[in-house]
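These notes are about the structure you will find just below.
The values are calculated or read from the model by the stated rules, or taken from the named source; none is laboratory data. Bear in mind the structure is a predicted one, so any value in this text is a computation, not a measurement. Using ideal geometry, Cβ is built from the backbone for each residue, glycine included, and neighbour counts are taken over all protein chains shown.
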Amino acid sequence: MVDIATATLLYSHDDKCQAKPAVAATLQLQEEFAVDAYIGLPCSEGSLDAGKIIAYWDLPFISYSSSAPGLQNKTIYNTLVRMISPFNLLAQAMLEVVNYYHWTRILIVRGFDEDNYCTYAETAINEVFYKNNVSLQSLEAVERDIPNSLIEEWLLRIKREARTAVYVKRVLAINQL
């Protein structure tokens, strides 16, 4: 238990949303300051690896935006508390909508992303749908700056192959539809 009366707040931020820098920062804070808790590691990429070390040390780990589905494993991440909903809950909500409307042909389109946001959403959706015997017609990744002719091809394909299309993207400009 952390003694609040003697707790010291340290601030370190530069994990670059990558595993190696996150692990390095985690180890450095422990080695140099013997910290009692970790608050941060905002990106899932860093939390997935650094969280294992923090759990091994049995220290509290509070993440305010890590949403990777793998972080739900309480055997591995037994000291992690997340301040936002994981993608598993998004996927479960999508499953409820699919079941409610009795949709059977679903196509998911996702964007490419550098920080794995769409990848984590895709993973969660695949896992939840698979466990509940809901099959995806297909799952497609769309590049950021595709020409209008390709967008038209995609929309026609979606119309042919699926009744429902879900687009997973962090930021979507209107001209990218």
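Before moving on, here are some points about what is shown:
- Whether a residue is farther than 28 Å from residue 65 by Cβ and at pLDDT below 70 was assessed, and residue 164 passes this test.
- Residue within region 118-134 that is surrounded by 12 or more Cβ atoms within 10 Å (Cβ to Cβ), among the hydroxyl-bearing types (Ser, Thr, Tyr) and either modelled with pLDDT under 70 or farther than 22 Å from residue 44 by Cα (or both) present: no
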